[in-house]
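K.L.:
Would you mind keeping the following structure in view while I ask a few things?
The values are calculated or read from the model by the stated rules, or taken from the named source; none is laboratory data. Because the structure is a prediction, the values reported are computed rather than measured. Counting neighbours? That spans all protein chains shown, and the Cβs are built from the backbone with ideal geometry, glycine included.
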């Protein structure tokens, strides 16, 4: 690409380093910003650098936070002895949106994935095991994606907890609400039968 | 979406104002930046604000430029009397990449589009007509997209030039090089026959 402006070229190069954004999209975004009022670019630019400079990770659960201990961990109304283990920050947001979990979270920061070179020591697993060792945790809810990597990570943590007194559970896998049964894959459908629940219990949900 | 951080929320809101980027994509981009070294965000943020603050439009052809008169307009090797009329900056870059045009450009800044409320007075048409009136232009090459709006804009400019001594031409429309004839649309195929060129001439291209 031939640029008539170094400033534009520089901006396009920086934008196109973002994942999923190629040079052409970056150029389109840059030209869009040039057509908008200067404030929009100033606000965007300031929001990005402030976020990167000042954002913290909660010392307790590793969730994103503006303070040392995040709002969820410091909320006196949350149950401190039930911890939901998730892969990343987006999962915390997704579960919070459901308002179904009244306990705390623990953000691992990823899943064990040998192909991508992510081992247990790249994740926040030691701090999780230490929490359990301290005796303050009654139940761990594994809420990782039901993939090979998610299952591996669940199992690795489960083994680390060997001999410690804590209940463990995993989120239910089954047919999505609203889905047609005939389109569900065999494994999901099979498990949904094995893990069936009493009908009366389902009426109360 | 529930955010655990105002800084993150603010960044996501600003990113999602870009065209084609929703809240989820904005969140993914923001979390990506948080995983990268701080320099990447600093560079991105600086490149954007510098571009928006310091970038100019060439006083002569309205192309993007770091100086008052762009590199193309001030290049003594370009033919000043042949002007290629284009919709926007990306078209200048596309044509420059072909190295087929040795003259100058004139960037209209859009096409006449009554549905979107873009009239002739929103485009850089007056300055183009004035260039022609000054008598320094021998040929105008209309290089707008072959759409209804492009054709309307071409025709509007052509009418404005009424009585002025200037050649006008439009870029050839025909079968794309490498395309299968059977997949070409009827209008394009029809025009390509009407506008056929001598075979010997085609050999020299």
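K.L.:
Return the residues of region A:7-20 that are crowded, with 18+ Cβ neighbours inside 10 Å and assigned to a helix (DSSP H, G or I); say none if nothing qualifies.
P.N.:
A:7, A:8, A:9, A:10, A:11, A:12, A:14, A:15
K.L.:
Checking the condition surrounded by fewer than 20 Cβ atoms within 10 Å (Cβ to Cβ), part of a loop (DSSP other than H, G, I, E, B) and touching a strand residue (DSSP E or B) at 6+ places or on another chain (Cβ under 8 Å), which residue from A:135, A:110 passes?
P.N.:
After applying the criteria, what remains is A:110.
K.L.:
Looking only at region B:149-163, which residues are more than 16 Å from residue B:122 (Cβ to Cβ) and either in contact (Cβ under 8 Å) with a residue 40 or more places away in the chain or assigned to a helix (DSSP H, G or I) (or both)?
P.N.:
Those that are more than 16 Å from residue B:122 (Cβ to Cβ) and either in contact (Cβ under 8 Å) with a residue 40 or more places away in the chain or assigned to a helix (DSSP H, G or I) (or both): B:151, B:154, B:155, B:158, B:159.
K.L.:
Within region A:113-128, which residues are without any contact (Cβ under 8 Å) to a residue 60 or more places away in the chain and surrounded by 14 or more Cβ atoms within 10 Å (Cβ to Cβ)?
P.N.:
Listed by number, the residues that qualify are A:113, A:118, A:120, A:122, A:123, A:125, A:128.
K.L.:
Ok, one more. Just give me the residues in region B:129-148 being under 17 Å from the mean Cα position of the chain (by Cα) and touching a residue at least 24 places away in the same chain (Cβ under 8 Å), in sequence order.
P.N.:
B:140, B:141, B:142, B:143, B:144, B:145, B:146, B:147
K.L.:
Right, residue A:163: at positive phi and modelled with pLDDT of 90 or more or not?
P.N.:
When the stated conditions are applied, residue A:163 does not pass them.
K.L.:
Identify, by number, the condition in (1) at pLDDT below 95; (2) in a loop (DSSP other than H, G, I, E, B); (3) within 7 Å of another protein chain (Cβ to nearest Cβ); (4) out of contact with any strand residue (DSSP E or B) (no Cβ under 7 Å at 6 or more places or on another chain) that residue A:4 doesn't meet.
P.N.:
With respect to (1) at pLDDT below 95; (2) in a loop (DSSP other than H, G, I, E, B); (3) within 7 Å of another protein chain (Cβ to nearest Cβ); (4) out of contact with any strand residue (DSSP E or B) (no Cβ under 7 Å at 6 or more places or on another chain), residue A:4 is out only on (4).
K.L.:
I've got another one for you. How many residues, within region B:21-71, are more than 7 Å from chain A (Cβ to nearest Cβ), assigned to a loop (DSSP other than H, G, I, E, B) and within 30 Å of residue B:102 (Cβ to Cβ)?
P.N.:
Summing the residues that are more than 7 Å from chain A (Cβ to nearest Cβ), assigned to a loop (DSSP other than H, G, I, E, B) and within 30 Å of residue B:102 (Cβ to Cβ) in region B:21-71 gives 8.
K.L.:
Can you name the number of the only condition in (1) surrounded by fewer than 18 Cβ atoms within 10 Å (Cβ to Cβ); (2) facing chain B (nearest Cβ under 8 Å); (3) outside any helix (DSSP H, G or I) that residue A:80 fails?
P.N.:
(2)
K.L.:
Sticking with this one: If I ask for residues that are surrounded by 13 or more Cβ atoms within 10 Å (Cβ to Cβ) and assigned to a strand (DSSP E or B), which ones from region B:164-180 would you list?
P.N.:
B:168, B:170
K.L.:
Moving on. Restricted to region B:93-107, and to residues that are outside any loop (DSSP other than H, G, I, E, B) and free of Cβ contacts under 8 Å to residues at least 40 places away in the same chain, which residue is surrounded by the fewest Cβ atoms within 10 Å (Cβ to Cβ)?
P.N.:
Filtering region B:93-107 for residues that are outside any loop (DSSP other than H, G, I, E, B) and free of Cβ contacts under 8 Å to residues at least 40 places away in the same chain, the one surrounded by the fewest Cβ atoms within 10 Å (Cβ to Cβ) comes out as B:98.
K.L.:
Please go through (1) closer than 18 Å to residue A:3 by Cβ; (2) touching a residue at least 24 places away in the same chain (Cβ under 8 Å) for residue B:27 and return the number of the only condition it doesn't satisfy.
P.N.:
Every condition holds for residue B:27 apart from (1).
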